[in-house]
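A quick write-up on the structure given underneath.
The values are calculated or read from the model by the stated rules, or taken from the named source; none is laboratory data. All values derive from a computational prediction rather than experimental measurement. Positions of Cβ are backbone-derived with ideal geometry, glycine not excepted, and every protein chain shown enters the neighbour counts.
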Amino acid sequence: MGVAIRTAGGDDRERVVRLLDEAFQDDPVSSWVFPGTEYRRATHHRLMAAFTDATLADGRVDLVEDGSACALWMSVPAEDPGHGEADGGEDEFVELRRAVDPDNERVELIGRLTAGIHPQGRAHEYLWMIGVAPGRQGEGLGTALIGSVLDRCDHEGRAAYLEASSERSVRLYRRLGFELTGEPLRLPDGPLMYPMWREPRASGAQS
């Protein structure tokens, strides 16, 4: 049986935020940004809300119909990786930190560091985040969410990009056609992030 996927809208915001908050509580990068279990439980959801709002506004959130998994995608044009000044001319990373956790410089730093390694010069689909409910992991939901977009990328001859937050996820993304690009990003006193790029598969571009 296939996985029913739809595009999330504003009415799904709280569901998506809650799902991402739960899915990433034990993620190495989230644990670095918000060290300490209690601190993370109290604060992490605000960063997930900021990411969700940005994607609902400028990208697309794919949601499994029963709310068990979601993926945040941004279409990045060739001339602009999507980072820099926010509306009004203020640095978007400063604005993010102020909105999420003003005393936590890592909220700002994670944005700057990932922006610094983001490929430029080619249009691509950017998988910003993908979250699966803790009790539903291992059922293929994440693969189904990603696969639906990669099929379209292949048909349109479009590349895709992501940053993997663990070696385990690197192995998963390799199976989907992604390859490591450049050196891993080492967060200061923290884990590695692995930039991965996927060229469109020629067979998918054929009609």
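Some notes on this structure:
- Restricting attention to region 125-152 and to residues that are assigned to a helix (DSSP H, G or I) and touching a Gly at 6+ places or on another chain (Cβ under 8 Å), the residue that is nearest to Glu79 (Cα to Cα) turns out to be Leu150.
- Taken over region 37-68, residues that are crowded, with 17+ Cβ neighbours inside 10 Å, touching a Lys or Arg at 6+ places or on another chain (Cβ under 7 Å) and in contact (Cβ under 8 Å) with a residue 60 or more places away in the chain amount to 1.
- Some residue of region 178-189 being within 15 Å of the chain's Cα centre (by Cα) and either touching a residue at least 12 places away in the same chain (Cβ under 8 Å) or under 25 Å from Val3 (Cα atoms) (or both): yes
- Test: Ala71 is at pLDDT 95 or above, surrounded by fewer than 14 Cβ atoms within 10 Å (Cβ to Cβ) and within 18 Å of Asp11 (Cα to Cα): no
- Residue in region 31-43 that is under 20 Å from Leu141 (Cβ atoms) and in a helix (DSSP H, G or I) present: no
- In region 1-30, residue farthest from the chain's Cα centre (by Cα) [restricted to those that are crowded, with 18+ Cβ neighbours inside 10 Å, charged (D, E, K, R) and assigned to a helix (DSSP H, G or I)]: Asp12
- Count of residues meeting criterion [outside any loop (DSSP other than H, G, I, E, B), buried (at least 17 other Cβ atoms within 10 Å of the Cβ), touching a helix residue (DSSP H, G or I) at 6+ places or on another chain (Cβ under 6 Å) and not aliphatic (A, V, I, L, M)] in region 98-124: 3
- Any hit, region 160-182, residues being in contact with a helix residue (DSSP H, G or I) (Cβ under 7 Å, 6 or more places away or on another chain), outside any helix (DSSP H, G or I) and exposed (fewer than 14 other Cβ atoms within 10 Å of the Cβ): yes
- Test: residue in region 77-94 that is surrounded by 14 or more Cβ atoms within 10 Å (Cβ to Cβ), hydrophobic (A, V, I, L, M, F, W, C) and either in a helix (DSSP H, G or I) or in contact with a Leu (Cβ under 8 Å, 6 or more places away or on another chain) (or both): yes
- Flag if Leu187 is buried (at least 17 other Cβ atoms within 10 Å of the Cβ), at pLDDT 95 or above and on the phi < 0 side of the Ramachandran plot: yes
- Residue satisfying condition, being modelled with pLDDT of 90 or more, polar (S, T, N, Q) and farther than 19 Å from Val76 by Cα, within set Ser169, Ser207: Ser169
- Residue match in region 144-154 (condition: touching a helix residue (DSSP H, G or I) at 6+ places or on another chain (Cβ under 6 Å), over 28 Å from Val17 (Cβ atoms) and at pLDDT 95 or above): yes
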